[in-house]
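Comments concern the structure below.
We did not get these values from a lab; they are worked out from the coordinates using the rules stated. Quick caveat: nothing in here was measured; it's all calculated off a predicted structure. Note that we place each Cβ from the backbone using ideal geometry, even for glycine, and neighbour counts take in every protein chain shown.
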Amino acid sequence: MSVADEPLYPIAVLIEELKNDDIQLRLNSIRRLSTIARALGEERTRKELIPFLSENNDDDDEVLLAMAEELGVFIPYVGGVEHAHVLLPPLETLCTVEETCVRDKAVESLCRIGSQMRESDLVDWFIPLVKRLAAGEWFTARVSACGLFHIAYPSAPDVSKTELRSTYSQLCQDDMPMVRRSAASSLGKFAATVEYAHLKTDIMSIFEDLTQDDQDSVRLLAVEGCAALGKLLEPQDCVAHILPVIVNFSQDKSWRVRYMVANQLYELCEAVGPEPTRTELVPAYVRLLRDNEAEVRIAAAGKVTKFCRILSPDLAIQHILPCVKELSSDSSQHVRSALASVIMGMAPVLGKDATIEQLLPIFLSLLKDEFPDVRLNIISKLDQVNQVIGIDLLSQSLLPAIVELAEDRHWRVRLAIIEYIPLLASQLGVGFFDDKLGALCMQWLQDKVHSIRDAAANNLKRLAEEFGPEWAMQHIIPQVLEMISNSHYLYRMTILRAISLLAPVMGAEITCSKLLPVVIAASKDRVPNIKFNVAKVLESVFPIVDQSVVEKTIRPCLVELSEDPDVDVRFFSNQALQAIDHVMMSS
């Protein structure tokens, strides 16, 4: 719809709608603010619309959220960046409301506007706004102020800069934990704009206060600040100021703080350099891997490969591997699962010998874990080990465990293995697959559980796509077609399903010469379920083959089935005939 076609609301109508009891109507009018602004023109928008929005005291958070979002992109409608400051008052009001998501959106919009404002306007309008919010009586204003300092600071004159640093320091010591949390959370962004001399003095003193806060929710946000500040400081300053804090945090009495350290630790290793990592951070990480809280061990286990990449192989083998062995038999299945999802990545880091000696036994124990997720996390990453130790060793050590899982008594485990077979096939290559896993794939077609048989049919299709029609013609098709004579009708149905999935991969020629005759022969089966599945298969394969084959072979078979005594057979064969007729007519 063009601008001219949109209804040009006068301001009076907007005022009416924003006072309406129906929240949807109020929401719609807020979402159309840009249309209204275009209709009013830039000057009337500045003088009438924006002042009205500043005074609008809607109490519905959804409406206020929409308004905060709209105002963030409003600079073009008020006359460009030279008039951007007129948008600040309504957003300042929104920064003080109780609902967190409205305040966050208002801060986001203020940052967007502030980053486009001219330097002189920032000094005249934006910095005073930050100061007002920071001195606000109600804690919500002070919480919002913390997220604006990094926009205000770079353009401020020296006197204001000193004042802003001092104000931020006061916010970090505020009586309200919510304000201190917000200050801790925004410290990294603010620190990135502060001059290096003040970063080492003022910011580090603010940071130290936050790290000793009595609220764990503030301390855990200070952990995030460690990583951000670590990247800003020179390595020697990082070692002096950040390293002791992190080492203390790794032993914090709150498990949430230790959890955050476990997540951030490897980033800090890059900031402090190799020697402090070896002497200070490795012992801290080992403590986290052996933490008495499962959540901390999960976070630490999930980062084990990233951490090992930073260390030398010798250090990883000496300090980290013993912990990995302990974690592989951890009492929490979630810890073992987190370890299994990353442990394969350790193989390229440790090298061939250490992988064979140290990691393979751990892989094997995880492959035999009672918890399916643990086993699957190992199977899905086998290619990383294959690249290091080679296919022969991998097959000798891990393949027996995979074969064991493929015959597991829990059908869901067998199902998961089937779903990974194409992935294994692509990783291990065709020769290896034929020797070791080919027989299993056929065996699953005769499983007692329908879901397994169905997955096995899908598996054959994916293997044919992976290795190509020629390989499938040699290794899959003969065995599949043999099974059509199985005495149990459920297994014969699985074969029909496999044929319908393989036909599009194999192409018209093989479908006509090998697959179609088997399907047509099955239409004479004495079991109605087989016959109506034949009708379904014929419906799925007729688009692949030539029209002459459809007329000579498929249609006569379906016509015969459409006269069957069984109602379902008649239904599906008629449905297939209609599909053929529809395609013929449209072509």
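Over all directions, average the projected area of the Cα convex hull of the stretch 218-258 and note it in nm².
Answer in nm², one decimal: 2.6.
Which of rounded, prolate, oblate describes the stretch 141-254, given a ≥ b ≥ c as roots of the alpha-carbon gyration tensor eigenvalues and a/c under 1.5 marking rounded, otherwise prolate only if a/b is larger than b/c?
oblate
To make sure I understand the rule: partners must be lysines, Cα under 21 Å from the Cα of LYS47, and not fewer than 8 residues away in the same chain. Which ones qualify?
LYS19
The chain: D in µm²/s via Stokes-Einstein (Kirkwood Rh, Cα pairs, 10 °C, 1.306 mPa s)?
Translational D for this selection: 53 µm²/s.
Output ³J(HN,Hα) for the stretch 121-126: one whole-Hz value per residue in order, computed from phi by the Karplus curve 6.51 cos²θ - 1.76 cosθ + 1.60 with θ = phi - 60°, and x for Gly and Pro.
5, 4, 5, 6, 10, 6
How large is ³J(HN,Hα) for each residue in the stretch 573-578, as worked out from phi by the Karplus curve 6.51 cos²θ - 1.76 cosθ + 1.60 (θ = phi - 60°), to whole Hz, x for Gly and Pro?
Result, rounded to whole Hz: 6, 5, 4, 5, 4, 4.
Using the Karplus curve 6.51 cos²θ - 1.76 cosθ + 1.60 with θ = phi - 60°, work out ³J(HN,Hα) for each residue of the stretch 63-76 in order, rounded to whole Hz, and write x for Gly and Pro.
Using θ = phi - 60°, the values come out as 5, 5, 4, 4, 5, 4, 5, 4, 5, x, 10, 9, 3, x Hz.
Going by average Cβ neighbours within 10 Å, how do the peptides 403-410, 203-210 rank, with the highest at the top?
Sorting 403-410, 203-210 by mean packing, highest first, produces 203-210, 403-410.
Would you calculate, for the chain, the mean residue ellipticity at 222 nm contributed by helices, counting each DSSP H stretch of 4 or more residues as -39,500 (n - 2.57) and dividing by all residues, to the nearest 500?
Computed mean residue ellipticity for the chain: -19500 deg cm²/dmol.
Distance check, please: which entries in LYS368/LYS536; LYS189/LYS306; LYS161/LYS303; LYS381/LYS514 exceed 32 angstrom between their Cα atoms?
Violating the 32 Å limit, Cα to Cα: LYS368/LYS536; LYS161/LYS303; LYS381/LYS514.
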